[in-house]
Amino acid sequence: MARCCSAFRAAVGLAVAGLLCLGSGVFLVVSLPAILEEQVVKNVRLDPSGMAFNMWKDLPVPFFFSVYLFEVLNPKEVLQGGKPVVTQRGPYVYREHREKTNITFHDNDTISFLEYRSFYFRPELSVGLESDYVVIPNILVSAAAVMLEGMPAGVQMLVSATFAAFGQGAFVNRTVGEILWGYDEPLIDFLNSIKPGLLPFKGKFGLFAEFNNSNTGLFTVYTGMKNISRVHMIDSWNGLKEVSYWNSDQCNMINGTSGQIWPPFMTPSSPVELYSPDACRSIKLNYSRSGDFKGIPTLRYVAPKNLFDNGTDYPPNEGFCPCRQSGIQNVSSCRLNAPVFMSHPHFLNADPELLETVDGLHPNEEKHGLFVDLHSLTGIPMNCSIKLQLNLFMKRVPGIWQTGSIKTVVLPLIWFSESGEIEGDVFTMYRTFMVTIPTVLNYAQYILVALGSLLLVTATLLGLRSKRDARAKTPQMPNLPNGQIQDSETTPLLQKDSSTVHSSIFPDT
């Protein structure tokens, strides 16, 4: 009997443990998605007490700004009508620091901020020094020539004579540092002395002279406190709901985010857009593939091949015209009317005609395509690289002697990449709380359900066996008339006594 009781107690113990495991597993199955969603919402909305706010305010991700310059190898031949031959120089790599200031919360679930950028040269990551000399087109002369093409010949000759007086030609040989961050240009001072404000430069002229230690405009974005699906989406930029650079409402729209974080709970069909003040437009990215970044599942988004197509090949882009070949976008309307075009590096995905007019370009999707790898659960980029190229439209203008016999060409100046990836302690903490723990809990819920079910089945079988063993050890009693119960110890004595009584009452007959 003791053995049967032990088995029964074991069965009860297993049943209790099974119910606890099964209950815990079912609880996790039912409630875990809601718990994870609550934690994600809490950690991605722009709440001053949340983790995302501090990460958003002081980005812990190291950003690098890599610049490649196209040196013109045959400037004399180009002036005589020859095809330009270019070679790529660089990269010249800068560590980019971003700091948000003037942070202001508003009653309509938005927050405004200015983000300042500063750049620091990293020679150990670069191929070359800022002191390297590079021959590139003289942007002042070439741009002025195109802009003055329709002016009277007398005006053109006067401007050309001014260029000559200041020693300006169609090409310049300057250091990388001067080309990028500016150099003193007496011609600019002279022109601004004649008509103040004629050129928006104060002595220094360079491609990124206004970038360093400057902000990208006043962004107002949604905090997500009331609607998490709107978090980081732009409400306005510099107080504007749309820009006025382009010729259609669609092209002037300010869509998406500022390009740093997107709303959470993304799927491959989720739209990914950003507004780029540098490109003066919104950019929509397309889902490419699912991937993995150091153990974190990601969705990769890339630029559509028709991003810079002209209005003929892609009618929605007609608002960006006047256009030339597909693959380059005229940005003169937001670049002081200078004949500057934007494209992918090396004219990737552009009209082959552009490649035929310049030697030395080698487009490659892997090297020159832009991409963003987003963690679908949080909308936070794990790895990104935004790549763009600036090009100068050049042509012969008879009244500007410096243009010689240049054939009409869109000549690449530079291309640059802004890239960054999450790493270090921030990455470890992020992966632990957003990937490792949820993954463990996800597996745990099913393990608990399976274990609980197994324990309950085992307890049931053990209970049935215990009951069967108890029955086997209990002897079977014969059926007696009139409900009498047989007792194995008293029955023989009763039988003996009844026999004696019978014999004494009924003697032998």
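The values are calculated or read from the model by the stated rules, or taken from the named source; none is laboratory data. Quick caveat: nothing in here was measured; it's all calculated off a predicted structure. Backbone-built Cβ (ideal geometry, glycine too); neighbour counts: all protein chains shown. Please note that ligands, DNA and RNA were not included when accessible areas were found on the heavy atoms of the full protein model with its side chains. Shrake-Rupley method; radii C 1.70, N 1.55, O 1.52, S 1.80 Å.
Its Cα gyration tensor gives segment 44-196 an equivalent ellipsoid, and the semi-axes of that ellipsoid, as √(5λ) in whole Å with the largest first, are 42, 24, 14. The largest accessible area among F121, F293, F347 belongs to the first residue in F121, F293, F347, and the rest follow in falling order (1.4 Å probe, all chains). Magnitude of the charge dipole for the chain, about its Cα centre and with charges confined to Cβ atoms of Lys, Arg (+1) and Asp, Glu (-1), is about 760 debye. Using a probe of 1.4 Å, the accessible surface attributed to H106 totals some 80 Å² when neighbouring protein chains are kept in position. Here each label is just a point 7 Å from Cα along the line to Cβ, and for A161 and S49 those points are 7.4 nm apart. Determine the relative contact order of the chain: mean sequence separation of Cα pairs under 8 Å and six or more apart, normalised by residue count, in whole percent. This gives 19 percent for the chain. Legend: translational diffusion of segment 337-459 by Stokes-Einstein, Rh = Kirkwood radius over C-alpha pairs, 25 °C, 0.890 mPa s; D = 125 µm²/s. Once all protein chains are placed together, K76 keeps about 150 Å² accessible to a 1.4 angstrom probe. Can you give the accessible area per residue of segment 36-165, in Å², using a 1.4 Å probe? For segment 36-165, the solvent-accessible area averages 46 Å² per residue.
Mean residue ellipticity, 222 nm, helices only, the chain: the sum of -39500 (n - 2.57) across DSSP H runs of n ≥ 4, divided by residue count and rounded to 500, is -10000 deg cm²/dmol.
Between Y94, V61, V72, the Cα set farthest toward the positive side of the dipole of segment 40-148 (charges on each charged residue's Cβ, about the Cα centre) is that of V72.
Taking every protein chain into account, the 1.4 Å probe leaves Y133 with about 130 Å² of accessible area, to the nearest ten. Within the chain, all pairs of alpha-carbon atoms sorted by distance into 20 Å bins from zero give the percentages 17, 39, 19, 9, 7, 5, 3, 1, 0.
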